Amino acid sequence: MPVTNSGKAVVTLPADDQILIEREFDAPAALVWRALTEPELVKRWWAGRRGEVTSVEIDLRVGGAWRYVMSAHGGAFEVAFHGEYREIVPGERIVSTEVFEGFPDAASVNTMTLVERDGRTTLRTLVQHSSKEHRDGHVDSGMEGGLQESFDALEDVAKSLA
């Protein structure tokens, strides 16, 4: 059952502790992968229209860490997320942890896959939370609106690399 249908990404709740996000991009997988994994490119899309990305750190290897920080609402506050890479299949799959630093007890494990068909790429992310409470807190945070904005910008960045 979809959470909302306000944009091109479809967000569903397949289990009490999971969020599934699916979105097709009008760009080849190699370009979407670059936009997802190169710090200077992530800075161009990650905040959507909700702020300015101030820091992106990516150590793209198993055991490596990532951290994204944005200044939100005109600099009124800072939002930061971090995690660790658990599995990487270049161009196809990333499994990593994700922690919102404002609510560090609600870490998730995210499995992202990219599948290309006819020059278009479907990105699928399964977010596995430790409990229904944490999953619901994530959903209720307004994540879906920000996600739609960020993914629209991600598509623009990926297409610009062609």
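What to note about this one:
- Considering each residue of segment 51-59 in turn, none proves to be closer than 21 Å to SER160 by Cα and either among the hydroxyl-bearing types (Ser, Thr, Tyr) or in contact (Cβ under 8 Å) with a residue 40 or more places away in the chain (or both).
- Per this entry, VAL69 is counted among residues that are part of a strand (DSSP E or B) and either out of contact with any Cys (no Cβ under 6 Å at 6 or more places or on another chain) or modelled with pLDDT under 95 (or both).
- Residue that is surrounded by the most Cβ atoms within 10 Å (Cβ to Cβ) [pool: residues in segment 65-86 that are within 16 Å of the chain's Cα centre (by Cα) and charged (D, E, K, R)]: GLU84
- Residues that are crowded, with 16+ Cβ neighbours inside 10 Å and among the charged types (D, E, K, R) within segment 89-123 comprise GLU98, GLU116, listed in sequence order.
- Conditions (1) surrounded by 19 or more Cβ atoms within 10 Å (Cβ to Cβ); (2) under 20 Å from GLY91 (Cα atoms); (3) among the aliphatic types (A, V, I, L, M); number of the one not met by VAL62: (1)
- Note on segment 72-97: among residues that are assigned to a strand (DSSP E or B), over 23 Å from LEU123 (Cα atoms) and not aliphatic (A, V, I, L, M), the one that is modelled with the lowest pLDDT is PHE77.
The values are calculated or read from the model by the stated rules, or taken from the named source; none is laboratory data. Only a predicted model underlies this, so the values are computations on that prediction, with no experimental measurement involved. Counting neighbours? That spans all protein chains shown, and the Cβs are built from the backbone with ideal geometry, glycine included.
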